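Working notes, structure below.
The values are calculated or read from the model by the stated rules, or taken from the named source; none is laboratory data. Because the structure is a prediction, the values reported are computed rather than measured. Cβ atoms come from the backbone with ideal geometry, glycine included; neighbour counts cover every protein chain shown. For accessibility, only protein heavy atoms count, side chains too; no ligands or nucleic acids. Shrake-Rupley method; radii C 1.70, N 1.55, O 1.52, S 1.80 Å.
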Amino acid sequence: QYWIRVMLVEVLEKSGFKTFTASNSAEAVEKVKEEEPDIVILDINLPDADGQRLFTEIRKIRSDIHAVFISADECSIKKVMTTEQVLGFFVKPFDILKFATFLSKVGTSWSASKGEGKWKTDGSEMW
């Protein structure tokens with residue numbers, strides 16, 4: 001969804017994150033290959049793909065990448081939260097500032113422990 005991407009980019013860049021966007025799954029895979037992000041933000045129900053399957057494909061490219069999922073479907077939570085390297089799940093509509101705060105906290109924890117390969121979250125964050 002175009003406007004969600006626009007809002008996320010604006011807020012996250014103002015919070016100090018370097019962002020990249022993709023409008024479809026093939027573009028997302030290419031961006032991961034080119035830009036090597038630490039975290040991807042994925043919708044569960046993408047127009048051209050299942051977000052969880054896309055994350056599995058992305059992890060084949062970068063096994064150390066993490067994800068935050070968003071969806072309007074709260075029932076998707078259990079399906080996604082059992083996936084390794086999922087940091088959190090936000091149900092749409094969500095507070096964009098809380099989302100940015102969550103990523104800032106996760107990013108700070110990750111920076112502090114990067115050499116140890118640990119994220120300081122239990123993967124059960126839901127907003």
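Have a look at I65, S76, L42 and report the one farthest towards the positive end of the charge dipole of segment 26-105, computed about the Cα centre with Cβ charges (Lys/Arg +1, Asp/Glu -1).
S76
Mind checking the full-extension length gain between V6 and T56? Use 0.36 nm per residue of separation minus the Cα-Cα distance, one decimal, nm.
Gain on extension, V6 to T56, equals 15.5 nm.
Per residue of segment 28-44, in order, report the coupling 6.51 cos²θ - 1.76 cosθ + 1.60 (Karplus, θ = phi - 60°) as ³J(HN,Hα) in whole Hz, putting x for Gly and Pro.
4, 4, 5, 4, 5, 5, 6, 9, 6, x, 7, 9, 10, 10, 10, 7, 5
Which three extents, in angstrom, do the Cα atoms of segment 1-51 have along their principal axes, listed largest first?
Principal-axis extents of segment 1-51 (Cα, largest first): 29, 24, 13 Å.
At 1.4 Å probe size, with every protein chain present, just tell me what the per residue accessible area of segment 1-54 comes to in Å².
I get 64 Å² per residue for this part.
Starting from the Cα-Cα distance between E34 and I96, subtract it from 0.36 nm times their residue separation and give me the gain in nm to one decimal.
Result: 19.7 nm gained on full extension.
Would you mind checking K31/K60; K33/K79; K18/K105; K33/K60 for any pair whose Cα atoms are more than 22 angstrom apart?
K33/K79
Ignoring ligands, DNA and RNA, what percent of the accessible area of segment 14-56 is carbon or sulfur (1.4 Å)?
In segment 14-56, the share of accessible area belonging to carbon and sulfur is 44 percent.
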